1. Could you name every one of the strands (runs of 3 or more DSSP E) located completely within region 443-490 that has at least 2 residues being without any contact (Cβ under 8 Å) to a residue 40 or more places away in the chain, more than 19 Å from ASP407 (Cα to Cα) and more than 16 Å from ligand 2 (Cβ to nearest atom)?
2. Take the residues of region 50-88 that are within 23 Å of HIS251 (Cα to Cα) and part of a helix (DSSP H, G or I): which is nearest to ligand 2 (Cβ to nearest atom)?
3. If ALA61 satisfies all but one of (1) touching a His at 6+ places or on another chain (Cβ under 7 Å); (2) among the aliphatic types (A, V, I, L, M); (3) closer than 18 Å to ARG142 by Cα, what's the number of the condition it fails?
4. Of everything in region 99-152, what is within 16 Å of ligand 2 (Cβ to nearest atom), among the hydrophobic types (A, V, I, L, M, F, W, C) and in a loop (DSSP other than H, G, I, E, B)? Give them in sequence order.
5. Check ASP294 against each of (1) more than 22 Å from GLN214 (Cβ to Cβ); (2) within 16 Å of ligand 2 (Cβ to nearest atom) and name the one condition it does not meet.
6. Taking the criterion of being touching a Phe, Trp or Tyr at 6+ places or on another chain (Cβ under 9 Å), more than 18 Å from ASP118 (Cα to Cα) and away from ligand 2 (no atom under 16 Å from the Cβ), would at least one residue in region 160-178 satisfy it?
7. I'd like the residue in region 179-210 that is part of a strand (DSSP E or B) and hydroxyl-bearing (Ser, Thr, Tyr) and, out of all such residues, is farthest from ASP118 (Cα to Cα).
8. Hey, among ALA231, ALA250, which residue is among the small types (Gly, Ala, Ser), within 16 Å of ligand 1 (Cβ to nearest atom) and either assigned to a strand (DSSP E or B) or surrounded by 18 or more Cβ atoms within 10 Å (Cβ to Cβ) (or both)?
Amino acid sequence: MPKFPNTLPFIALNRPLRIESSIRNLDVEGTIPADVQGAFFRAVPDPAHPPLHDDDITLSADGMVSRFLFEGGQVDYDIKYVRTARYEAERKARRALYGSYRNPYTDDPGVRDPSRPDLRTVSNTTPVWHAGRLFMTKEDGRPYEIDPHTLETRGYWSYGGKLRSQTMTAHPRIDPATGEMFFFGYEAGGLATRDVAYCIADRDGQLVSEQWFQAPYVASIHDFCITGRWAIFPVYPTTSDLERMKQGGAHWAHQQDLESWVGIMPRYGKVEEMRWFKGPKGVSAFHMTNAFDDGDLVHMDACLAETCAFPFMREAGGIHRNQWEIQSGLTRWTFDMGKPGDGIVSSIIGPPGDLPRIRDADQGRPYRHVWLPTMNPEAKGPPLVGNVVGAAFNCLLGLDLSTGRVDALNLDPGMAINEPVHVPSSKPGHNGWLLAVVDREAAIDYQSELWILDADNISAAPVARVKVPVPLRPQVHGWWVSAEQLASSK
Ligand code: V55
Ligand code: FE
C-alpha cells in the first residue's frame, strides 16, 4: 500500500482522515437560537486512497457529505463518502485508479475513458438543495443525489435522462421568489470543448430548459449570476488544452495575457441573444457574491484577483507569484444593457476575501450584506496549513455595502475558519445567524467546533459553540436546509 505524499494537499489540516462517523447529542456551550432548526450540509474532500500520482491536489479528493442536524436545541453530526462510480471502483480495487485532476489520460488503463470525463467526478464541491432533493456537485460532472436523512448516495443525477450536458456547476443560483434553479455546465460536450449548457429547473425540480452556447475559449467557469432579468456568465482566462492533457499535463493553465469576458443574456431568453463584454487581461474570480438590475444597468460583484488564486493553475501557465502578494478585492463590474458596446465599468466595493455568503432572499436582487472569510493582514502568527491554497482563512468579515461598514472576527493565531452558511431570523430587522466550522491547532492534532454567530455582530462572542469530538478536514462549500425543507424531502 503506497503512503500519502508529504505535500501540502496531504499534511496539517489537509491530512487525510477517511472517517465516516455518526455522533448524536454533541456538547453545546451557549444556547442554540430557536431559528436554527434544520441541517447544515457540508462538502468535504478527503482522499480515500493515496493518489495514483504524487503531485495530486486537494480538488481531486473524494467527496464526503457531512451534516450538522439541529433538532430542538440538540445537534447531531454525520459524515459519509459520496458513493460515486469512481469511489466504488477504487474501494473495490483498494487503491487509486484515477489519476491527475481532471485529466483522464493519466488514469489507469483499466478505467481510462476520455470520452466520459464526467464519470470520474468526485462530487466534492457543494451540497445543493433544490425542490426537495439534496445533491453533491462538482463542475466536472453531473451531481450525485444524496438521501438527506441517511446521507446514502441514491445515484448519478440526470433529470430523468433529460440533461444532455455532461457537467453541472457547483454554483447554481436559486431565485427565492420563483423557486427556479438556474445553472450551467461548461465542457458540456466533453473534455476541452467550448460548449456551455445553460439550464433551468422549475420549482418542482423538472428540467424545463437546456440551451448550449460556445464560450470564447475553453475556460474554468466556476460560478455565475442571475438577476431578475439576466443570466451572467463570467469567463476568466484559465484555459484548457486537449494536447496538453494527452501529454499528461494539467487540465488548467492560467493565461495572464488573455482577455476576460462576460456573457449576458435574458435569463428566460435564447442563447443567441447573448452579448459579450470584454474585461481586463489575466484577472480571475472563483466566486461572485451576487448580481442585480438597476434599470438598464447590471451590477455583478465578484471576489476578483489580478491573477488566478490557485497556485497549480498559475504555475501550469508559467506564472510564479507568492500567494500573499496577489492583489484582490470585492469588485463590482457594471454593464449597460441599454447601450451598444462591450465596455465594463469596474469599481472596488470591498476588501479581499473569498467564499462569500449572502442571504438566500437577496439572490439576484439589490442587496446590502455579505459575509466572507479572508486573511487578516495583521494576524500575529502564520495561518494554519490547510485548504486548497495551503493557507486556511483566519478571519471572517461582515460587510454592509450601503454604509461601507466592515465588521471583523479575527481569530487567534493557530485558528482557521471555513465558509459559513446563513440562517434567516424570525425577528424583523435582524439579519440572522452564521454557522461556520472553526479549527484550532491543539497539543497533538487539530480540534474543531461549529460556531453560531449573530450575523449583525460577528465580532462578538459566538452565541453557541458546538464541540466536535472527531477531527475534521477543511470544507469546500456548505448549504443550509431548514427543518421545513427537510420535512418536504422527496
Ligand atoms: C473549485 C473547487 C473545486 C474544483 C474547482 O473553489 C474549483 C473552487 C473542490 O473542487 O474542482
Ligand atoms: Fe466554489
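1. Counting at least 2 such residues, we get 446-454.
2. Across region 50-88, the extreme among qualifying residues is LEU59.
3. So ALA61 meets the others, but not (1).
4. Across region 99-152, the qualifying residue is only VAL122.
5. Among (1) more than 22 Å from GLN214 (Cβ to Cβ); (2) within 16 Å of ligand 2 (Cβ to nearest atom), the lone unmet condition for ASP294 is (2).
6. There is at least one residue in region 160-178 that is touching a Phe, Trp or Tyr at 6+ places or on another chain (Cβ under 9 Å), more than 18 Å from ASP118 (Cα to Cα) and away from ligand 2 (no atom under 16 Å from the Cβ).
7. Per the stated criteria, the residue is SER209.
8. ALA250
The values are calculated or read from the model by the stated rules, or taken from the named source; none is laboratory data. These numbers were taken from a predicted model, which means no experiment stands behind them. Glycine also receives a Cβ, built like all others from the backbone with ideal geometry; neighbour counts cover every protein chain displayed.
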